[in-house]
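Below: the structure, in structure tokens.
The values are calculated or read from the model by the stated rules, or taken from the named source; none is laboratory data. Because the structure is predicted, anything quoted here is derived from the model rather than measured. Note that each Cβ is placed from the backbone with ideal geometry, even for glycine, and that neighbours are counted across all protein chains shown.
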Amino acid sequence: MPELPEVETTRRGIEPLLTGRQFSKVIIREHRLRWPVPDHLPSLLPGLTLRGIQRRAKYLLFDAGQGWLLGHLGMSGSFRVLTEPQPVRKHDHLDLELDGGADGGGVTLRYHDPRRFGCLLWIPDDWQQHPLIRDLGPEPLSEAFHADYLLQALHKRSSAIKLALMDNHVVVGVGNIYASEALFLAGIHPQTPAQELSLVALQRLVQAVQQVLTAALASGGSTLRDYVNARGDTGYFQLTLNVYDRAGEPCRQCGTPISKLLLGQRSSFFCAQCQSMRQTAHNGG
């Protein structure tokens, strides 16, 4: 599933190619995504100018001046910018055609989604108050995400820290891959009850989350299934993973075989030596 680094990489890739252009045509080949694509988009968007693209959590927000197009990549979605006609592939569900670029030519933003779990919705007013967005936690790379905030947010949570870290009401965009990697860097066992972590441990965790996400952004994200960026390229952060999807392989730090367990129906990977419960407590957990 595309996570925050993949979505941000997509935003950075498509925004400079699309901003300032005018929507000219909308082609909907498949309405049945996670929520139905609005029928009125083909009559609504043409004539409007795209002013920019923002990201909130894993949502992309296209500023059309008179409203916002909200996009989500779901489990397998991707946006690609086409500068010349290309054959429509299976699962190419929607095209947004735009004119008016500096080169005088048009481009097409094509949405591809084999599992159809993404979405493309229209928000006519304040997107920050939309039900999908208004209750989200802070961005992990923002100043709002810090150890004092986490201490307050987690002080009544007895659930495993791995699950709390993946809860978008606590912090957005820290999916399974990046949560596993951050907990390894912080030396925290994924099953540690969230409320038991000290301020010192949470400081390490915040730093680790930000370090992992920053590195993933620099690498263009991870490609473990079928994520591609706006040019159709794959990310390569997975080449540097310490624990995720490495069960049985030696820990890069101590040589202990990487362990695997299920938390919340998701696979969690960790080093039993570097992230033992005892180690967590010893390091200020």
Within segment 1-45, residues outside any helix (DSSP H, G or I) and among the charged types (D, E, K, R) come out as Glu3, Arg21, Lys25, Arg29, Glu30, Arg32, Arg34, Asp39
Gly221 fails exactly one of the following numbered conditions: (1) at pLDDT 95 or above; (2) part of a loop (DSSP other than H, G, I, E, B). What is the number of that condition? (1)
Segment 102-134, residues that are farther than 22 Å from Gln66 by Cα and either touching a Gly at 6+ places or on another chain (Cβ under 6 Å) or among the polar types (S, T, N, Q) (or both): Asp113, Phe117, Gly118
(1) in contact with a Pro (Cβ under 9 Å, 6 or more places away or on another chain); (2) in contact (Cβ under 8 Å) with a residue 12 or more places away in the chain all hold for Ile14 apart from (1)
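Could you identify the single residue in Ala182, Ala164 that is touching a Lys or Arg at 6+ places or on another chain (Cβ under 6 Å), at pLDDT 95 or above and either assigned by TED's automatic domain parsing to the domain that holds Lys260 or of a type in the set (Lys, Arg) (or both)?
Ala164
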What do you reckon, is Thr234 within 30 Å of Leu109 (Cα to Cα), modelled with pLDDT of 90 or more and not aliphatic (A, V, I, L, M)? no
From the list Gln66, Gln54, exactly one residue is over 21 Å from Thr83 (Cβ atoms), polar (S, T, N, Q) and in a loop (DSSP other than H, G, I, E, B). Which is it? Gln66
Is it the case that Asp99 is over 20 Å from Leu4 (Cβ atoms), out of contact with any Gly (no Cβ under 9 Å at 6 or more places or on another chain) and touching a residue at least 40 places away in the same chain (Cβ under 8 Å)? no
Being assigned to a helix (DSSP H, G or I), modelled with pLDDT under 80, closer than 29 Å to Arg12 by Cβ and in contact with a Phe, Trp or Tyr (Cβ under 9 Å, 6 or more places away or on another chain): is that true of Gln210 here? no
Would you pick out the residues in segment 134-176 that are in a loop (DSSP other than H, G, I, E, B), buried (at least 18 other Cβ atoms within 10 Å of the Cβ) and hydrophobic (A, V, I, L, M, F, W, C)? Leu136, Phe145, Met166, Val170, Val171, Val172, Val174
